[in-house]
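Colleague: Before anything else, here's the structure in question.
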């Protein structure tokens, strides 16, 4: 259910295996996907966003501080979420507003909370420096009333939730503003070195069994498709013959996946292997 909702939000490289956020080896996401989710939360639930902006709260006479220390040190910071698991290190989704302009930043794989925060501050500083130099385009960009224009910054290029090799940013990409009731002028940021294009190799497949008859093979394919969420059902069914010791076997496959989606689709099927191109 969570993964299906992620697909509806455009988070096409995220796979959720639990709702707790605890480590699961098949649970993956990207900095860009987390930025998309953050933007959705900010614009869809404005009445609740103030919770992300609290620097502390009291409960039963005890004061608890926000783990996002940038809330106290970075000008304009108003959220959002820290995170840590051993497999991915110190992570942060941050949002800051200056001069009615919002930037959303995401860092995965910090070695320490301090290095993560320092890296996030550098990313946001770079984003705010770039804003005055962007070219301006007039477009019908819907955005909520009195909400700042937005830019998202992804610190990693298609990074899964896994140990990262340091805290080096690969670039900055502009994300169109969310829906609005009024005509706005929007800034278009020149794309950086990060590659977030949809030009992805989709020559991977998954295999859900090998059978002695084509009818058995097709039944296995249909059964596998039923187990997949809608996003992964768009694959092409394939029956691939194989001669073994004079006998014919038929392999049941679904093709047309990227490597990431092949592994993600297999997670939904008990008997499944990924097939590289």
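The values are calculated or read from the model by the stated rules, or taken from the named source; none is laboratory data. Since the structure is predicted, the reported quantities are computational estimates derived from the model, not experimental observations. Cβ placement follows ideal geometry from the backbone for every residue including glycine, while neighbour counts extend to all protein chains displayed.
Colleague: Residues of region 268-277 being surrounded by 16 or more Cβ atoms within 10 Å (Cβ to Cβ) and out of contact with any helix residue (DSSP H, G or I) (no Cβ under 6 Å at 6 or more places or on another chain), which ones?
Modeller: Across region 268-277, the qualifying residue is only 275.
Colleague: May I pose another question? Checking residue 241 against (1) free of Cβ contacts under 8 Å to residues at least 24 places away in the same chain; (2) under 30 Å from residue 29 (Cα atoms), which test does it fail?
Modeller: With respect to (1) free of Cβ contacts under 8 Å to residues at least 24 places away in the same chain; (2) under 30 Å from residue 29 (Cα atoms), residue 241 is out only on (2).
Colleague: Here is a further query. Search region 254-277 for residues being closer than 20 Å to residue 211 by Cα and outside any strand (DSSP E or B), and hand back the single one that is nearest to the chain's Cα centre (by Cα).
Modeller: Residue satisfying both the conditions and the ranking: 266.
Colleague: For region 1-109, list the strands (runs of 3 or more DSSP E) that sit wholly inside it and hold at least 1 residues that are touching a helix residue (DSSP H, G or I) at 6+ places or on another chain (Cβ under 6 Å) and either buried (at least 16 other Cβ atoms within 10 Å of the Cβ) or in the same structural domain as residue 129 (by TED's automatic domain parsing) (or both); which are they?
Modeller: In region 1-109, the matching strands (runs of 3 or more DSSP E) lie at 77-85, 89-98.
Colleague: For region 226-253, what are the residues that are buried (at least 16 other Cβ atoms within 10 Å of the Cβ), over 21 Å from the mean Cα position of the chain (by Cα) and closer than 22 Å to residue 6 by Cα?
Modeller: 235
Colleague: When the residues of region 38-68 are filtered to those that are in contact (Cβ under 8 Å) with a residue 24 or more places away in the chain and out of contact with any strand residue (DSSP E or B) (no Cβ under 8 Å at 6 or more places or on another chain), which remaining residue is farthest from residue 266 (Cα to Cα)?
Modeller: This residue is 46.
Colleague: Right, residue 10: at pLDDT 90 or above and on the phi > 0 side of the Ramachandran plot or not?
Modeller: No.
Colleague: Which numbered condition trips up residue 248, out of (1) touching a helix residue (DSSP H, G or I) at 6+ places or on another chain (Cβ under 6 Å); (2) in a strand (DSSP E or B); (3) free of Cβ contacts under 8 Å to residues at least 60 places away in the same chain?
Modeller: (1)
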